[in-house]
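The values are calculated or read from the model by the stated rules, or taken from the named source; none is laboratory data. Everything numeric here is computed off the predicted structure, so don't read it as measured data. Methodologically, a virtual Cβ is constructed for each residue, glycine included, from the backbone with ideal geometry; neighbour enumeration extends over all protein chains shown.
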Amino acid sequence: MSLIAAPAAAQPAASPPAPAAAAPEADAPKLAIAPIALSGADDPLLASQLAQDLRDGLGRGRLQLLDAGAVARVAGGPCSDDACLERLRDQLGAAFVLRAQVTVSDRDYTLRLELVATRDLGRAAESERGCELCGLAELRALTADQAARLLAKLDALAKPPPAFEIVTTPPGALVFIDGQLVGAAPVERNVLEGKHVVRVMSEGYVPEERELVAVAGLRESLQIDLRRTPEALKLRGAGWGLLFSGLPLLALGVGLLEIDGEEYRGRCDGIDVDSSGRCRFVFDTDWGGAAALAAGALLGTAGTMLLLRTRDRGKTRLRARLGPTYIGLAGAF
C-alpha cells in the first residue's frame with residue numbers, strides 16, 4: 001500500500017518556513033545521506049520524501065551535505081557494505097555517511113538511522129524508532145524528530161575535540177590529567193568534554209592542581225608557576241653559602257701557591273742576604289696554599305652540586321674553569 005494515496009485531509013497544515021541556518025564552514029566535515037532502504041513496500045516517492053525530510057533537518061547543522069544525486073550515483077543503493085562507504089569517502093570526501101532503513105508492515109513503520117564515520121568505518125551514532133498505525137504525516141514527523149536528535153550529535157562531531165595546553169614554570173614538570181600521566185610540560189592533549197583535574201609535579205616544587213571544564217571546539221591554555229618546597233629553598237640557600245665560602249678559599253689557595261718560594265722583601269737586606277745574593281727569608285706557603293685550594297674546591301663543588309640538583313629544569317649547566325691565575329664560573333642556577 002502506498003502512503004501517497006492517503007486522503008488529502010490527513011496531510012498536516014503547511015508549517016511556516018524555518019529560519020535559514022548559517023552556512024557550514026568551508027572546511028566542515030562532509031555528510032552523505034545514502035538512499036533510503038525500504039523494506040516491505042515499493043514506494044520510491046515515499047523514500048524520496050523521507051530522504052528530503054532528513055536533508056531538511058540535517059541541513060541546519062555544521063556539516064556540509066553532499067549533493068543527493070552525486071551520493072546516489074556513487075553509492076548505487078542504500079550503501080549497506082563497507083565498499084560503498086569507502087567509495088563515498090574516496091570519491092566525494094564524505095567524512096560521515098547516514099544510512100536509513102524504513103521497515104513497513106501494513107500501517108506500522110520502523111525507522112532506523114545509522115551514522116557511520118568513514119575514517120574507521122565505525123558507528124558514530126544510531127537510533128531506531130517505531131510508529132504504529134501511522135499515516136504519512138506521522139511518519140514524516142517521526143523522521144523529522146529523528147533528524148533533530150541526530151543533529152546535535154552531528155554538530156558535536158563537526159567541532160574539533162576539546163584540548164588542554166599546559167605550560168609550567170619551570171618547564172619539564174610531569175602533567176597528569178584525571179590521574180593519568182600525559183607527559184612533561186609543555187604538553188597538549190585532546191580530552192573528552194566535561195570536568196577534568198590537572199595536576200603537575202616536579203621534584204623540589206610544591207605540586208599544583210587545577211580543575212578545568214573541557215568544551216568541544218575550545219582549546220584551553222593553562223599556565224602554572226610552581227613554587228619551590230621549603231626543603232628545596234633551604235638546599236639552595238646552603239648551596240649558595242657553600243659556593244661563596246669556597247670561592248675565597250680557592251682564591252687564597254691560588255695566591256699562596258703563587259707566592260711560594262718568593263723572597264720576603266721586608267727582610268732582604270744586609271745580613272739577611274747571603275754571599276750569593278739570595279735572601280734568607282722566603283715564603284713557604286705551598287702546603288697552606290694546597291690546603292686552602294683543596295678546601296675551597298671541596299666547598300665549591302658541594303655548593304655547585306646542591307645548586308644543580310635544585311636548579312630549574314631547562315637551564316644551562318654550570319661550567320667551571322680553574323687556571324693558574326684565575327677562577328671562572330659560568331651557568332644558570
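Brief remarks follow.
- Single condition L181 does not satisfy, out of (1) touching a strand residue (DSSP E or B) at 6+ places or on another chain (Cβ under 6 Å); (2) in the same structural domain as E211 (by TED's automatic domain parsing): (1)
- Positions within the range 188-213 being of a type in the set (G, A, S) and under 20 Å from T169 (Cβ atoms), in sequence order: S202, G204
- Of the residues making up the range 195-207, those that are modelled with pLDDT under 90 and either in a strand (DSSP E or B) or under 13 Å from I177 (Cβ atoms) (or both) number 1.
- Among residues of the range 38-74, those that are of a type in the set (D, E) and within 17 Å of V97 (Cβ to Cβ), counted: 1
- Whether a residue is at pLDDT below 85 and out of contact with any Phe, Trp or Tyr (no Cβ under 8 Å at 6 or more places or on another chain) was assessed, and L235 passes this test.
- Qualifying residue in the range 56-73 (condition: in the same structural domain as A137 (by TED's automatic domain parsing), at pLDDT 90 or above, outside any loop (DSSP other than H, G, I, E, B) and crowded, with 18+ Cβ neighbours inside 10 Å): yes
- Residue that is surrounded by the most Cβ atoms within 10 Å (Cβ to Cβ) [pool: residues in the range 174-194 that are assigned to a loop (DSSP other than H, G, I, E, B) and at pLDDT 90 or above]: A185
- Number of residues in the range 42-65 that are of a type outside the set (D, E, K, R) and in contact with a Lys or Arg (Cβ under 9 Å, 6 or more places away or on another chain): the value is 5.
- Filtered residues of the range 93-116 (kept if without any contact (Cβ under 8 Å) to a residue 24 or more places away in the chain and within 31 Å of the chain's Cα centre (by Cα)): E114
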